[in-house]
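**Q** Can you keep this structure in mind? I'll have questions shortly.
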Amino acid sequence: MTIEIPFSELLEQLPKQFFASLVAKVGEKIKAGCDVINLGQGNPDQPTPKHIVEAMQRAAANPKYHKYSPFQGYFFLKEAIAAFYAREYGVNIDPDREVAILFGGKAGLVELPLCLVNPGDVVLVPDPGYPDYWSGIALARARMEMMPLVAENGFLPDYEAIPAAVADRAKLMFLNYPNNPTGATATKEFFAETVAFAAKYGIAVVHDFAYGAIGFDGRKPVSFLEVDGAKDVGVEIYTFSKTYNMAGWRVAFAVGNERIIRALELLQDHLYVSLFGAIQEAAAAALLGPQDCVTELVALYEARRNAFIAALCEIGWEAPAPSGSFFAWLPLPKGISSAQFADMLLERAHVAVAPGIGFGEHGEGYVRVGLLTDEARLREAAERIGRLGLFEKNF
Ligand SMILES: Cc1ncc(COP(=O)(O)O)c(C=O)c1O
């Protein structure tokens, strides 16, 4: 007889995956034979650069890596990470105490609340924001307080609007620039304000720098650690997924505050051994090798951005050009919800976009488009939407 196996309360209280239903709807359309242009997801479409793949191929044959990797990862990768931060951002990192290697950024972001907060503690979260922040907070049984990101404020949180009573109870804060989903970038001044706010209230800062390489119009995104005092309050999470098109490889790292790094490594000692050594060797090759692949990738996304925003303009949809990331955040006409709008585009234009509400309450009124297909397809998506006549005067 099969016994009843209830899930734990913890598992039951995890946030629902909002985008799962979108993925299912897109899948159904494709199965029904529709030519869907899927701009709803964030999966980089380009391959990993050849020299990184070759480093992996060579390293995979090395018997040294067929054994367990050292706990907390190989030191050569930590040294490569320190060299990368010195070269790219002029930031000094101690590879011994200020770097933790992660199984992808997502794992680190989910682990951090487990490391740093207790049940009932407050965590400040950007709204709209990347939904994986919510997962770690739910696992830690902590409470989220949303920091609205609105266009008038350049999609940066307004610390003055956070009541002192909330800030007093906050133990942790997530930030993410270049931002998913808004495509906004941050300034050094904003990060300096963040350090001051965090120091005043004793809040640990996690800056998710997933799109750190992707800044447009010649502007390199700023690292949180470039600002004085940043290491006293927080860490930055950097993934190989976007910079080097290595999303499937699952490799990322945290850098910065020694105590937070220690907490991550302590938790990870209980969860895993470490990544496959060959992946670590290839990751080091990515950081230390030629960077033309990154320059070319940014140029590719920028050309797509320009083509897509221009095509939207032609159909009467005025949307601001993102300054970083590979997302465009498009304001909707009044009177239709983002979920209805996304459903309509999928049904009538066979174009999939992500409804803003899936990223939080303040995402309502927008849809997110991933610039993850070629220019011709992006233009075609805009043309298909244009044929619906949604942006004519009386919509
Ligand atoms: C804002 C943001 N942070 C983190 C990640 C996680 O990246 P990964 O787990 O591939 O390192 C993503 C991936 O889409 C993201 O958009």
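**Q** If I filter region 299-315 down to residues being surrounded by fewer than 16 Cβ atoms within 10 Å (Cβ to Cβ) and touching a residue at least 24 places away in the same chain (Cβ under 8 Å), which single residue comes out as farthest from residue 182 (Cα to Cα)?
**A** Ranking the qualifying residues of region 299-315, first place goes to 314.
**Q** Would you mind stating whether residue 282 is within 12 Å of the ligand (Cβ to nearest atom) and farther than 17 Å from residue 85 by Cα?
**A** no
**Q** Same structure, new question: Quick one: count up the residues across region 91-135 that are part of a loop (DSSP other than H, G, I, E, B) and within 12 Å of the ligand (Cβ to nearest atom).
**A** Of the residues in that region, 6 qualify.
**Q** Okay, moving on. Out of all the residues in region 329-339, is one or more open to solvent by 10 Å² or more (accessible area, probe 1.4 Å), modelled with pLDDT of 95 or more, among the small types (Gly, Ala, Ser) and closer than 21 Å to residue 186 by Cβ?
**A** No, there is no match, as no residue in region 329-339 is open to solvent by 10 Å² or more (accessible area, probe 1.4 Å), modelled with pLDDT of 95 or more, among the small types (Gly, Ala, Ser) and closer than 21 Å to residue 186 by Cβ.
**Q** Next question. Inside region 185-207, can you point out the residues that are open to solvent by less than 10 Å² (accessible area, probe 1.4 Å) and within 16 Å of the ligand (Cβ to nearest atom)?
**A** Those that are open to solvent by less than 10 Å² (accessible area, probe 1.4 Å) and within 16 Å of the ligand (Cβ to nearest atom): 205, 206, 207.
**Q** Output the residues belonging to region 118-137 that are closer than 21 Å to residue 165 by Cβ and either of a type outside the set (A, V, I, L, M, F, W, C) or open to solvent by 10 Å² or more (accessible area, probe 1.4 Å) (or both). It would help to see each step written out before you state the result.
**A** Narrowing region 118-137 to residues closer than 21 Å to residue 165 by Cβ: 118-127, 137.
118, 119, 120, 121, 126, 127, listed by residue number.
**Q** Evaluate the following for residue 229: is it surrounded by 22 or more Cβ atoms within 10 Å (Cβ to Cβ), away from the ligand (no atom under 11 Å from the Cβ) and at positive phi?
**A** no
**Q** Which number in (1) within 16 Å of the ligand (Cβ to nearest atom); (2) hydrophobic (A, V, I, L, M, F, W, C); (3) over 28 Å from residue 120 (Cβ atoms); (4) open to solvent by less than 10 Å² (accessible area, probe 1.4 Å) marks the one condition that residue 172 misses?
**A** Unmet condition: (3).
**Q** Does region 37-50 contain any residue that is hydrophobic (A, V, I, L, M, F, W, C) and out of contact with any strand residue (DSSP E or B) (no Cβ under 6 Å at 6 or more places or on another chain)? Reasoning before the result, please.
**A** Of all residues in region 37-50, those hydrophobic (A, V, I, L, M, F, W, C) come to 37, 39.
Those still in the list that are out of contact with any strand residue (DSSP E or B) (no Cβ under 6 Å at 6 or more places or on another chain) too: none.
No, every residue in region 37-50 fails to be hydrophobic (A, V, I, L, M, F, W, C) and out of contact with any strand residue (DSSP E or B) (no Cβ under 6 Å at 6 or more places or on another chain).
**Q** Another question, then. From 349, 381, which residue is farther than 20 Å from residue 182 by Cβ, open to solvent by less than 10 Å² (accessible area, probe 1.4 Å) and in contact with a helix residue (DSSP H, G or I) (Cβ under 8 Å, 6 or more places away or on another chain)? Reasoning before the result, please.
**A** Working: 381 fails: farther than 20 Å from residue 182 by Cβ.
The match here is 349.
**Q** Within region 318-325, identify whether any single residue is within 26 Å of residue 116 (Cα to Cα), out of contact with any strand residue (DSSP E or B) (no Cβ under 8 Å at 6 or more places or on another chain) and surrounded by 15 or more Cβ atoms within 10 Å (Cβ to Cβ), and answer yes or no.
**A** no
**Q** Every residue in region 136-169 that is part of a helix (DSSP H, G or I) and among the basic types (Lys, Arg), please.
**A** 169
**Q** Restricting to region 32-83, count the residues that are surrounded by fewer than 19 Cβ atoms within 10 Å (Cβ to Cβ), under 23 Å from the mean Cα position of the chain (by Cα) and of a type in the set (D, E, K, R).
**A** Adding up the residues that qualify gives 1.
**Q** Right, next: So which residues in region 358-378 are crowded, with 20+ Cβ neighbours inside 10 Å and out of contact with any Leu (no Cβ under 8 Å at 6 or more places or on another chain)?
**A** Result: 359, 360, 363.
**Q** While we're looking at this one, here's another question. Among the residues of region 337-378, how many are under 20 Å from residue 324 (Cα atoms) and among the charged types (D, E, K, R)?
**A** Total meeting the criteria: 3.
**Q** Test residue 86 against the criterion of being of a type in the set (A, V, I, L, M), surrounded by fewer than 17 Cβ atoms within 10 Å (Cβ to Cβ) and either outside any loop (DSSP other than H, G, I, E, B) or modelled with pLDDT under 95 (or both), and give yes or no.
**A** Considered against the rule, which asks whether it is of a type in the set (A, V, I, L, M), surrounded by fewer than 17 Cβ atoms within 10 Å (Cβ to Cβ) and either outside any loop (DSSP other than H, G, I, E, B) or modelled with pLDDT under 95 (or both), residue 86 comes out as yes.
**Q** Additional query: Out of 271, 287, 266, which single residue is surrounded by fewer than 16 Cβ atoms within 10 Å (Cβ to Cβ) and either within 16 Å of the ligand (Cβ to nearest atom) or basic (Lys, Arg) (or both)?
**A** Only one candidate passes the filter, namely 271.
The values are calculated or read from the model by the stated rules, or taken from the named source; none is laboratory data. These figures come from a predicted structure and were not determined experimentally. With ideal geometry, Cβ positions are generated from the backbone for all residues, glycine too; neighbour counts draw on all protein chains shown. When the accessible area is computed, the model is the full protein with side chains, heavy atoms only, and any ligands, DNA or RNA have been set aside. Shrake-Rupley method; radii C 1.70, N 1.55, O 1.52, S 1.80 Å.
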